[in-house]
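Following: one structure in structure tokens, then a few remarks.
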Amino acid sequence: MSPEYEIKLADRGYTVEVRRLDEGGLLVVKVGSQSFSLKPTLNDDGAWTVSDTAGDHSVRILKKAGSKVSVEVNGQACDIEWVRIRKQEEQARKTTSASGPRVDGGVYPPMPGKISEVLVKPGDTVKSGQTVCILEAMKMFNELKSPSAGTVKEVNVEPGSSVTQSTLLILVE
């Protein structure tokens, strides 16, 4: 199932998709065609600090009632109405995304960044979900994992390489 929501904010509707990027709590939030990487942290006082490329933002939930939420973002209150949309995920490996065509068994970065470490070489056997390289983006290190078990056929990057979302980093067959 897809974590997708219909959000109503200031009488405008938005489709929002939220995806957890790693075990460290980094989220990729897609609003329409724009994507944002966010790192939420719960503070001792019950407020949240949400970090993005622009800086840190204070977020406090003021009131929740069903699908309506009142929040305060950086001291400014707003009311949000939301509904979760459930849809069947399309086959993840057979994709053509906004960042271009994708190859089955390909490892692609979720955001632009720099490769800090490559952990495999052609001919290596990998398990599904095994970390194959490390991407540094937004001052954070992200483990990129093999989409399937198999043999590494191609390694198209080396440490220090700058990459975009359409870069095929590693191919596993």
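Values in this text are rule-based calculations from the coordinates and carry no lab data. Bear in mind the structure is a predicted one, so any value in this text is a computation, not a measurement. Note: ideal-geometry Cβ built from the backbone for every residue, glycine included; neighbour counts use all protein chains shown.
Could you tell me whether the stretch 96-172 comes out rounded, prolate or oblate from its Cα gyration tensor? Rule is a ≥ b ≥ c as square roots of the eigenvalues, rounded for a/c under 1.5, then prolate if a/b exceeds b/c, otherwise oblate. It is oblate, given that a/c is not under 1.5 and a/b is not larger than b/c. List the pairs from 30/153; 39/68; 8/145 whose alpha-carbon separation is above 26 Å, in the order I gave them. Where the Cα-Cα span goes over 26 Å, the pairs concerned are 30/153; 8/145. Considering only 145, 114, 64, the mean-square fluctuation computed in a Gaussian network model of the chain, springs between alpha carbons under 10 angstrom, is largest for 64.
With a ≥ b ≥ c the root eigenvalues of the C-alpha gyration tensor of the stretch 4-85, is it rounded (a/c under 1.5), prolate (a/b larger than b/c) or oblate? Here the stretch 4-85 falls in the oblate category.
Taking amide H atoms as placed 1.01 Å from N in the peptide plane, the amide H of residue 154 lies under 5 Å from those of 171, each 5 or more residues away in sequence or on another chain. Each Cα pair under 8 Å and six or more residues apart adds its sequence gap; the mean of these over the residue count of the chain is a relative contact order of 16 percent. Under a 5 Å amide H cut-off, with hydrogens placed 1.01 Å from N, residue 133 pairs with 119, 144 among residues at least 5 apart or on other chains. Per-residue Cβ neighbour counts within 10 Å put 115, 170 in the sequence 115, 170, beginning with the fewest.
Highest GNM mean-square fluctuation among 33, 58, 128, for the chain modelled with Cα contacts below 10 Å: 33.
Summing +1 for each Lys or Arg and -1 for each Asp or Glu among the other residues whose beta-carbon sits under 13 angstrom from that of residue 16 gives +1.
Rg and Dmax of the chain, both derived from C-alpha coordinates alone, stand at 18.5, 55 Å.
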